[in-house]
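For reference, the structure discussed in these notes is given below.
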Amino acid sequence: MDSRKTPAIGIDLGTTYSVVARLDETGRPVSLVNAEGDLLTPSVVLVEGEGAIVGKEAVKALGSEPEHVAQCAKREVGNDLFHQPLAGRNYPPEVLEAWILKKLHDDAALQVGPFRQVVITVPAYFDEVRRKATQDAGYMAGLELLDIINEPTAAAVAFGYQQGFFRPNASSREKQNILVYDLGGGTFDVTVMQLAGGTFTALATDGDVQLGGRDWDQRLVNFAAAEFQQRHGTDPRHDSVAAARLWRECEDLKRTLSARPRGLLTYEFQGLPLQLEITREQFADLTHDLLERTRFTTVQALAAAKLTWSDIQRVLLVGGSTRMPMVVDLLRQLSGREPDRSVSADEAVAHGAALHAGILLAKSAGKRPKFTVRNVNSHSLGVVANDPATQRERNAIVIPRNSPLPIAARRRFKTSKTGQNSILVRIVEGESASPDACTPIGRCVVRELPADLAAGTPIEVAFRYEANGRLTITVKVSGTDRKLTHELTRASGLGDAERNAWRRRIAGDDIAADEL
Ligand code: AMP
């Protein structure tokens, strides 16, 4: 395909909302509206027959047929199945994500013409398993992933563009350290980045994939439900339709409290009314611990970057939930400066992804890139080893978190028994010394070792981790010619046949009923 005609598309596949952006003829990122005319598409899926409806209509269906509707599938990406069956069937979360991507693609194609290549963003704190599942979602949606980049990095790229860091004389611009605080609907990420000329270097990243605006909503839901129960002796959360309606009202109240010091919740269930006035202070009290979790993670990320607040020139707020005044107050208080809200909280991530797509397309057309992005890994990678002192298994870290990528690292181990004929190398991701508390991400086996291999023979395990998150492992057994190099065989996720069958179903092709 002629690369000039290939649109540079970036997709922010959010927990609660998703956004698509492209680069216009001048190379400027612009958001695309969906078929309903909105910039934000709710990441909500209504399963209907063999197909699915995504977005506003799916949200509406929450009020009438919640058992057919999936929300926040992104929070479960990496698990085998979505927690709740939909219309009586279980779905892998990445399939639900694929339906969302398909809708985003189809709507965007109406405006920019046919395309397949995209950049998709993920929370910086996503682990290997979740990144791979997101990649699979792209594949099942019929897309070709140019790259997956981290959401805070994408936001920083959009910010850098806006600040003129990519202009021809950009290298003369001063170096800046930026802290990106990204609180979306379902995930929280914090990344410390350095911008110098056209280079974006992530110094440290941390986060929580189970913390976002949804948790703030939930606190209001719980508060209102408890009030309702006290007044009327019944809990509306036990009825799924009423619970969905209460959640919508509470999300609305939360937004009101971002704009006004107090808000009113008006709700009715089984003919019983509830009117509740809530102040911003009350809301802050109800959610204090959630905000504290983000404070803790932010301070930790700054320390991991070996910086203090005086080294940070900008605090960039990204994600819809940073509209809550309590977030702005927290960062003002922590950093001693006014947080920067100059990038659009909703669109910055998609814009950065489109800019990145533009760079990749230009590169593949032989042009010099205007900027480069250097990343770090968000989780440590290690091998499960037997600790001779305790005879217990432990996580022997090979690549510590926050290492600049790409990186190669090696570590030596020893065989435990004489005459061992194979070695199983189990790779885990996580910080804990206990392998059980880490995420298993794959394994490889070196077979057919010499029959008389002595106990204590050195084994060298080498990892190579690329910027795009691909991991290659080499295992060498000392004194033998046994050497094994391969890309990781994943511990979880869908197989090829399953992915292809889903890809056909999501595309709307007829498939045999027994294929899935
Ligand atoms: P994102 O994933 O970045 O699109 O963020 C979506 C989250 O932002 C949802 O939880 C929304 O409820 C929340 N959000 C959007 N606007 C506001 C607002 N004005 N006040 C508080 N939260 C908001």
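Leu220 meets each of the listed conditions (1) part of a loop (DSSP other than H, G, I, E, B); (2) of a type outside the set (Lys, Arg); (3) within 14 Å of the ligand (Cβ to nearest atom) apart from (1). Just one of the listed residues (Asp206, Asp189) is away from the ligand (no atom under 16 Å from the Cβ), crowded, with 19+ Cβ neighbours inside 10 Å, of a type outside the set (A, V, I, L, M) and at pLDDT below 95, namely Asp206. Where residues in segment 62-104 are without any contact (Cβ under 8 Å) to a residue 40 or more places away in the chain and assigned to a loop (DSSP other than H, G, I, E, B), which of them is surrounded by the most Cβ atoms within 10 Å (Cβ to Cβ)? Among those that are without any contact (Cβ under 8 Å) to a residue 40 or more places away in the chain and assigned to a loop (DSSP other than H, G, I, E, B), it is Phe82. The residue list Val428, Val398 contains one member that is in contact with a Pro (Cβ under 7 Å, 6 or more places away or on another chain) and of a type in the set (A, V, I, L, M), which is Val428. The residue pairs whose first member lies in segment 126-137 and is within 19 Å of Leu211 (Cβ to Cβ), whose second member is in a helix (DSSP H, G or I), and whose beta carbons are closer than 6 Å, counting only pairs six or more residues apart or on different chains, do not exist in this structure.
Scanning segment 258-278 for residues that are more than 15 Å from the ligand (Cβ to nearest atom), in contact (Cβ under 8 Å) with a residue 12 or more places away in the chain, surrounded by fewer than 14 Cβ atoms within 10 Å (Cβ to Cβ) and of a type outside the set (Ser, Thr, Tyr) turns up Leu264, Gln270, Leu272, Glu277. Go through Ala396, Ala408 for me and flag whichever is more than 16 Å from the ligand (Cβ to nearest atom), exposed (fewer than 15 other Cβ atoms within 10 Å of the Cβ) and of a type outside the set (D, E, K, R). Ala408 is the lone residue from the list that is more than 16 Å from the ligand (Cβ to nearest atom), exposed (fewer than 15 other Cβ atoms within 10 Å of the Cβ) and of a type outside the set (D, E, K, R). Scanning segment 21-35 for residues that are at pLDDT below 95 and either β-branched (Val, Ile, Thr) or buried (at least 23 other Cβ atoms within 10 Å of the Cβ) (or both) yields a single hit, Thr26.
Scanning segment 159-186 for residues that are among the aliphatic types (A, V, I, L, M), at pLDDT 90 or above and more than 12 Å from Ile312 (Cβ to Cβ) yields a single hit, Leu183.
Of all residues in segment 225-257, those being over 15 Å from Ser64 (Cα atoms), more than 16 Å from the ligand (Cβ to nearest atom) and aliphatic (A, V, I, L, M) number 2. Would you check if there is a residue in segment 431-439 being in a loop (DSSP other than H, G, I, E, B), over 30 Å from Gly14 (Cα atoms) and without any contact (Cβ under 8 Å) to a residue 60 or more places away in the chain? Yes, segment 431-439 contains a residue that is in a loop (DSSP other than H, G, I, E, B), over 30 Å from Gly14 (Cα atoms) and without any contact (Cβ under 8 Å) to a residue 60 or more places away in the chain.
The numbered conditions (1) touching a Phe, Trp or Tyr at 6+ places or on another chain (Cβ under 8 Å); (2) surrounded by fewer than 17 Cβ atoms within 10 Å (Cβ to Cβ); (3) of a type outside the set (Asp, Glu) are all true for Pro388 except (1). If the condition is being within 20 Å of Ala507 (Cβ to Cβ) and either at pLDDT 95 or above or not in a helix (DSSP H, G or I) (or both), then segment 112-133 contributes Val112, Gly113, Pro114, Phe115, Arg116, Gln117, Val118, Ile120. The residue of segment 21-45 that is farthest from the ligand (Cβ to nearest atom), among those that are farther than 18 Å from Cys72 by Cα and part of a strand (DSSP E or B), is Leu23.
Screening Ser422 on (1) exposed (fewer than 13 other Cβ atoms within 10 Å of the Cβ); (2) under 20 Å from Glu460 (Cβ atoms); (3) within 30 Å of the chain's Cα centre (by Cα) shows it passes everything except condition (3).
Is it the case that segment 229-236 has a residue that's within 23 Å of Cys72 (Cβ to Cβ), outside the structural domain of Glu431 (by TED's automatic domain parsing) and touching a residue at least 12 places away in the same chain (Cβ under 8 Å)? Yes, because at least one residue in segment 229-236 is within 23 Å of Cys72 (Cβ to Cβ), outside the structural domain of Glu431 (by TED's automatic domain parsing) and touching a residue at least 12 places away in the same chain (Cβ under 8 Å).
Going residue by residue through segment 442-450, is there one that turns out to be part of a loop (DSSP other than H, G, I, E, B) and either in contact with a His (Cβ under 7 Å, 6 or more places away or on another chain) or surrounded by fewer than 13 Cβ atoms within 10 Å (Cβ to Cβ) (or both)? Within segment 442-450, one or more residues are part of a loop (DSSP other than H, G, I, E, B) and either in contact with a His (Cβ under 7 Å, 6 or more places away or on another chain) or surrounded by fewer than 13 Cβ atoms within 10 Å (Cβ to Cβ) (or both). Residues in segment 36-56 that are surrounded by 14 or more Cβ atoms within 10 Å (Cβ to Cβ) and either among the basic types (Lys, Arg) or more than 20 Å from Gly184 (Cβ to Cβ) (or both): 6 in all.
Comparison of His379, His356 shows that the only residue that is crowded, with 18+ Cβ neighbours inside 10 Å, in a loop (DSSP other than H, G, I, E, B) and in contact (Cβ under 8 Å) with a residue 60 or more places away in the chain is His379. When segment 451-462 is limited to residues that are in contact with a Ser or Thr (Cβ under 8 Å, 6 or more places away or on another chain) and not in a strand (DSSP E or B), the one that is farthest from Val398 (Cα to Cα) turns out to be Asp452. Being more than 16 Å from the ligand (Cβ to nearest atom) and either among the aromatic types (Phe, Trp, Tyr) or touching a helix residue (DSSP H, G or I) at 6+ places or on another chain (Cβ under 9 Å) (or both): is that true of Gly197 here? Against the criterion (more than 16 Å from the ligand (Cβ to nearest atom) and either among the aromatic types (Phe, Trp, Tyr) or touching a helix residue (DSSP H, G or I) at 6+ places or on another chain (Cβ under 9 Å) (or both)), Gly197 qualifies. Here is the figure for segment 303-336: residues that are outside any helix (DSSP H, G or I) and either free of Cβ contacts under 8 Å to residues at least 12 places away in the same chain or within 16 Å of the ligand (Cβ to nearest atom) (or both) total 6.
The values are calculated or read from the model by the stated rules, or taken from the named source; none is laboratory data. The structure displayed is predicted, hence computed values, not measured ones. Backbone-built Cβ (ideal geometry, glycine too); neighbour counts: all protein chains shown.
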